[in-house]
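Every number in this text was worked out from the coordinates using simple rules, so none of it is lab data. Since the structure is predicted, the reported quantities are computational estimates derived from the model, not experimental observations. So basically every Cβ, Gly included, is an ideal-geometry build from the backbone, and we count neighbours across all protein chains shown.
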């Protein structure tokens, strides 16, 4: 934040503390990987495009793909980027200091000491749901003889290209194990058809990296099948 605003870390920290925020907040390393949609939505009407890219540590091409392909972001953001002047640090005047004091009182009234108390790290649920369950904790669903499909979406998936980046694994074994134990027999995955198959001479730009994506898809299908779960695109 200091770099983007042209300030020092001490200046940003001073303003944060004046509003009742922790002096040294715990920002998880996975924030950019898993929280970028929130960062975009909260800053879309505040930052110009260049500063937004700097905040996200992202290239223009990557953000363009993200807006078009992930979570219908471009539509949700109104199909336009407001023209925003560059946001720069200025020493707080008396009015800003008074407003910071008001925010501090609000924060203290609403949150009390909870902001400074030990808490579960953000996104820790991803780790918890990814860990295999002990056998004694597994529920055994009643055998189903019908063909009723019980399909869910992942609780730990991020928008992006998990078939190209398997480290984003939307269905770790621990989650598949938990889903199967409560009777889920299908999971679905967002995929773009042009990324999964070559376009031939007519659409040569289609299908780049499709071999990698299909190989990772086969691996996911194989793992899910081990829990009696099918994968739908």
task: Decide, for region 18-74, between rounded, prolate and oblate: order the square roots of the alpha carbon gyration tensor eigenvalues as a ≥ b ≥ c, take rounded if a/c falls under 1.5, and otherwise choose prolate if a/b is larger than b/c, else oblate.
output: prolate
- line: Shape call for region 99-233, from the Cα gyration tensor axes a ≥ b ≥ c (a/c under 1.5 means rounded, otherwise prolate when a/b beats b/c, else oblate), comes out oblate
Answer label for Kirkwood radius over Cα pairs in Å (calculated), chosen among [x] 20.3; [y] 18.1; [z] 21.6: [z]
task: Please report 84, 210 as a ranked list, fewest other C-beta atoms within 10 angstrom at the top and most at the bottom.
output: 84, 210
message: I'd like the distance between the alpha-carbon centres of region 13-49 and region 64-95, rounded to an integer number of Å.
response: 13
field: FRET efficiency estimate (nearest 0.05) - Cβ-Cβ, residue 59 to residue 164, R0 22 angstrom
entry: 0.90
query: Which residue fluctuates the most in the chain, going by a Gaussian network model with Cα springs under 10 Å, if the choices are 132, 166, 91?
result: 91
Neighbour-count ranking [beta-carbon atoms within 10 angstrom, fewest first] of 190, 45: 45, 190
- request: Compute the FRET efficiency between residue 16 and residue 124 as 1/(1 + (r/R0)^6), taking r as their Cβ-Cβ distance and R0 = 22 Å, and round to the nearest 0.05.
  value: 0.40
message: I'd like the FRET efficiency for residue 2 and residue 219, computed as 1/(1 + (r/R0)^6) with the beta carbon distance as r and R0 of 30 Å, rounded to 0.05.
response: 0.10
- prompt: Pick from 165, 41, 99: which residue has the top mean-square fluctuation in a GNM of the chain where Cα pairs under 10 Å get a spring?
  reply: 99
- prompt: In a GNM of the chain with a 10 Å cut-off on Cα contacts, which of 191, 83, 157 has the highest mean-square fluctuation?
  reply: 83
